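See below for the structure under consideration.
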Amino acid sequence: MEDLKLVRTLLEQLEAGRKAVLCTVTDARGSVPRGPGARMAVLSDGISLGTVGGGAVELQAQQDARTVLTDGTGSGPRIYDLGAGGQTGMVCGGVVTICFTQIDAGARADLGKWAELLESRRTGVLLLGPDGCLRVLEQDEQAASGADAAIYREDIGGEGVVYLFGAGHVGRALVSVLTGLEFPVVVYDERPEAVRPEDFPTALAVVQGEFSDLSAHIHLTAADYAVVMTPGHCADLAVVRQVLAWGPSYVGCMGSRKKRAFLRTALAEAGFAPEQIDTVHLPIGLEIGARTPAEIAISVAAELIAHRAALRGGGSGPCPA
């Protein structure tokens, strides 16, 4: 995950006795490259990690972060005007606020808690104060003193895992695409030859188990994604029936529109309500004319990106009109 890599890097900097500055987009209005929650760390050697949108606004933020590092002052929010005549020289027309947080020994405990939440997939909240001070709280700590004084609040952790059922040609292509997009992926198949861990080096886990009895090995939560592309219709149906009962955030199944009719009828006969059946994306993926495994993987990944963005409250992309 992108945030976990960034937080681990900041902790490593502290262990090495070096400081850094964390830049967080806390507000965005109009046409802007990235929305709230976008992050960039500027390290003491001048290297930056992550992004607050690229282009002129990021260059200006990097320069301002280095000033904070050098002077030890200037933490807190700054406003960047992306309109004509603004300080960035851009013409998108938006306004973005970036909060600068000095990362020193005082931030170690909160960074450690942040990393722990991300690693365990527990949920918490990140708070930034008027002076840029960072705090990380567990969900049950949100009533703690000082939480109401924050200028920025962001829910962190708890993002779902993609469970990929079927490790065929498309599945193999999909894993590398999804993990490159910061989706943690668990690969599940009942064929021993299909679930060799060395074939999926970027996967969170590779599981061999019967498609007819998923609960013996895994359990999906309401935050998780189910991508179903087993070798046959019957196995697809068996998987979809089980995962629908768990109520994950997303269920998609590879196949034709004719297969969709078969699946809908079978699910209705199994007692699923129409609104449950309607949540199944079948055929899975955006319609981009994909034919090869690599192309289909891109279309599926695009649909998952759109779903994740909607959950995060994301906009329509960089510099929307």
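Brief remarks on what is shown
- DSSP-loop trypsin sites (Lys or Arg not before Pro) across segment 222-321, with at most 15 other Cβ within 10 angstrom: Arg291
- Debye log10 I(q)/I(0) at q = 0.10, 0.11, 0.16, 0.17 Å⁻¹ for segment 197-321, Cα point scatterers: -0.35, -0.43, -0.90, -1.01
- Thr70-Glu182 FRET efficiency (beta carbon distance; Förster radius 22 Å; 0.05 resolution): 0.10
- With both residues required to sit in the chain, DSSP beta bridges show an antiparallel share near 65%.
- Equivalent-ellipsoid semi-axes for segment 168-229 (Cα gyration tensor, √(5λ), whole Å, largest first): 17, 15, 10.
- Here the dipole of the chain is about 640 debye; that uses its Cα centre as origin and unit charges on the Cβ of Lys and Arg (positive) and Asp and Glu (negative).
- Checking every one of the trypsin sites (Lys or Arg not before Pro) in segment 9-48 against DSSP loop status and a limit of 16 other Cβ atoms within 10 Å picks out Arg18.
- P(r), alpha carbons of the chain - 20 Å bins starting at zero, rounded %: 29, 50, 21, 0
- Rolling a 1.4 angstrom probe over the chain with all protein chains present gives an accessible area of which 52% lies on carbon and sulfur atoms.
- Selection from Gly72, Ala245, Gly94 lying farthest towards where the dipole of the chain points positive, charges on Cβ: Gly94
- Counting 0.36 nm for each residue step from Ala222 to Asp104 and taking away their Cα separation leaves a gain of 38.8 nm.
- Mean accessible surface per residue for the chain, computed with a 1.4 Å probe while every protein chain stays in place, in Å²: 47
The values are calculated or read from the model by the stated rules, or taken from the named source; none is laboratory data. All figures in this text were calculated on a predicted structure; none of them were measured in a lab. We place every Cβ from the backbone using ideal geometry, glycine too, and count neighbours over all the protein chains shown. With ligands, DNA and RNA removed, areas are computed over all heavy atoms of the protein, side chains included. Shrake-Rupley method; radii C 1.70, N 1.55, O 1.52, S 1.80 Å.
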